[in-house]
Amino acid sequence: MSNDPSSMRPQADRRDAPVVPAGAGVSYIMPVLNEVDYLEDAVASTLAQEVDGPIELVIALAPSDDGTTELARELAAKDPRIILVDNPASDNPVGLNLCIRASQYPTIVRVDAHSELSPGYTMRALETLNRTRAANVGGTMHAEGRTPFQRAVAAAYNSKIGLGGGAYHGSGQESEADSAYLGVMRREAVEEIGMFDETLRRGSDWEMNLRLRQAGYRVMFDPKLSVAYWPRESWSQLSRQFLATGRWRGELVRRYGFRNSTRYFAPPALVVMLTLGLLVAGLRIGGALRGVLAGVLSLIFLPIALYALVIAGYSALQKKASLREKIWSLAVVPTMHVAWGAGFIVGVVRGARDTIDTSRVSR
């Protein structure tokens, strides 16, 4: 998320979101696919939320092959607050819309099966919605890990080096924002703008918040809201996730241009720089590039060397990280940047088309 002014326009006349009576109830929505290792904890943290009024958790079940569907049915059989709907398309925005249509309460809380809500999360979000009259509010994503690799990824998520310092990765000040992590939303406003765009497999939350802001509603970031997030568990999953995410961001740039934050253009710039560096190195080794021109073009190695030093310094300066985590960091951060940037370039040039995030499709 970014507070870049260029990403906050255009916007209609300001409007307050509808007032919701106290005790009116909250609907949690959660699309899932191959989340057997995380689902039970995510459901538990959701149903443990203290709310003034009734709650329900609607889970959209994509075709999983790891036992997620069976586990979800077991949990639903034990708690009538859990409602299950089928999501045969598997797409995240489709699942979110299915959940919204199957839910009933005026406030909707989006939950990820790879996340856990902190105690008091919902009550704090409801207070912020009432106080600011926003249509959507989100908080801080705090990534955590169980293995050295996952902890290295989590550290990158929580660092400005890793994901570029968007508000939901660590900003300490409440403010209006262009999007919200997960999000606690007013149903009336979300339904008014047509809910999630089902043609966007990734980035649909950003796009929906853009339409909320275009309709005049506020989208708020509240740093006192915190959600634990569990990243991908392997290098292959991480690279596939970021490649797909980058490609869909490229698709969003095709559709919405510079309404996207300018920080999204840093990873593709890195990919271009690395590609030029490899080209210059190859030409010099092959003898096709010599003299003054070779010296001038070799200046491309300076920013590449600086980038390598930054990554090495980031890895070395992690005080609480083990040696294995620091070593993984040397691979994790460039993987995130390069995979995302390469996907972005392809997305801008060719569009995302039917690109899917295969990092959770099969175990």
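The values are calculated or read from the model by the stated rules, or taken from the named source; none is laboratory data. Predicted, not measured: the structure shown is a model, and the values here were computed from it. When we count neighbours, we look across all protein chains shown, and the Cβ atoms used for this are built from the backbone with ideal geometry, even at glycine. Accessible surface is based on the protein model in full, side chains and every heavy atom, while ligands, DNA and RNA are left aside. Shrake-Rupley method; radii C 1.70, N 1.55, O 1.52, S 1.80 Å.
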- Message: On the basis of being assigned to a helix (DSSP H, G or I) and not acidic (D, E), does V227 make the cut?
- Response: no
- Query: Which condition number in (1) in contact with a strand residue (DSSP E or B) (Cβ under 7 Å, 6 or more places away or on another chain); (2) polar (S, T, N, Q); (3) within 16 Å of A143 (Cβ to Cβ) is the one that N209 fails?
  - Reply: (3)
- Message: What are the pairs with Cβ atoms under 6 angstrom where one residue, in the stretch 109-130, is more than 27 Å from D16 (Cα to Cα) and the other, located anywhere, is acidic (D, E) and open to solvent by 10 Å² or more (accessible area, probe 1.4 Å)? Sequence gap at least six, or different chains.
- Response: E116/D41
- Is there a residue in the stretch 171-188 that is in contact with a helix residue (DSSP H, G or I) (Cβ under 6 Å, 6 or more places away or on another chain), more than 30 Å from S239 (Cβ to Cβ) and either at pLDDT 90 or above or of a type outside the set (S, T, N, Q) (or both)? yes
- Query: Does T199 satisfy the condition of being outside any loop (DSSP other than H, G, I, E, B) and either under 14 Å from T355 (Cβ atoms) or within 13 Å of the chain's Cα centre (by Cα) (or both)?
  - Reply: no
- Query: With respect to G246, is the statement that it is under 12 Å from the mean Cα position of the chain (by Cα) and without any contact (Cβ under 8 Å) to a residue 60 or more places away in the chain true?
  - Reply: no
- Which number in (1) β-branched (V, I, T); (2) open to solvent by 20 Å² or more (accessible area, probe 1.4 Å); (3) out of contact with any Ser or Thr (no Cβ under 8 Å at 6 or more places or on another chain) marks the one condition that T68 misses? (2)
- Hey, can you tell me all the residues within the stretch 54-63 that are open to solvent by less than 30 Å² (accessible area, probe 1.4 Å) and part of a loop (DSSP other than H, G, I, E, B)? A62
- Message: So S239 ticks every box in (1) open to solvent by less than 10 Å² (accessible area, probe 1.4 Å); (2) in contact (Cβ under 8 Å) with a residue 24 or more places away in the chain but one. Which box is left unticked?
- Response: (1)
- Query: Can you name every residue in the stretch 12-34 that is assigned to a loop (DSSP other than H, G, I, E, B), buried (at least 22 other Cβ atoms within 10 Å of the Cβ) and more than 20 Å from the chain's Cα centre (by Cα)?
  - Reply: A17
- Task: Residue by residue through the stretch 294-350, note down the ones that are touching a residue at least 24 places away in the same chain (Cβ under 8 Å) and of a type in the set (S, T, Y).
- Result: Y307, Y314, S322, S329, T335
- How many residues does the stretch 35-53 hold that are surrounded by fewer than 22 Cβ atoms within 10 Å (Cβ to Cβ), touching a residue at least 60 places away in the same chain (Cβ under 8 Å) and in a loop (DSSP other than H, G, I, E, B)? 6
- Query: Looking at (1) within 18 Å of G139 (Cβ to Cβ); (2) in contact with a helix residue (DSSP H, G or I) (Cβ under 6 Å, 6 or more places away or on another chain); (3) not hydroxyl-bearing (S, T, Y), can you tell me which one P223 breaks?
  - Reply: (2)
- Given (1) within 17 Å of A156 (Cβ to Cβ); (2) at pLDDT 95 or above; (3) of a type in the set (A, V, I, L, M, F, W, C), where does L317 come up short, assuming only one miss? (2)
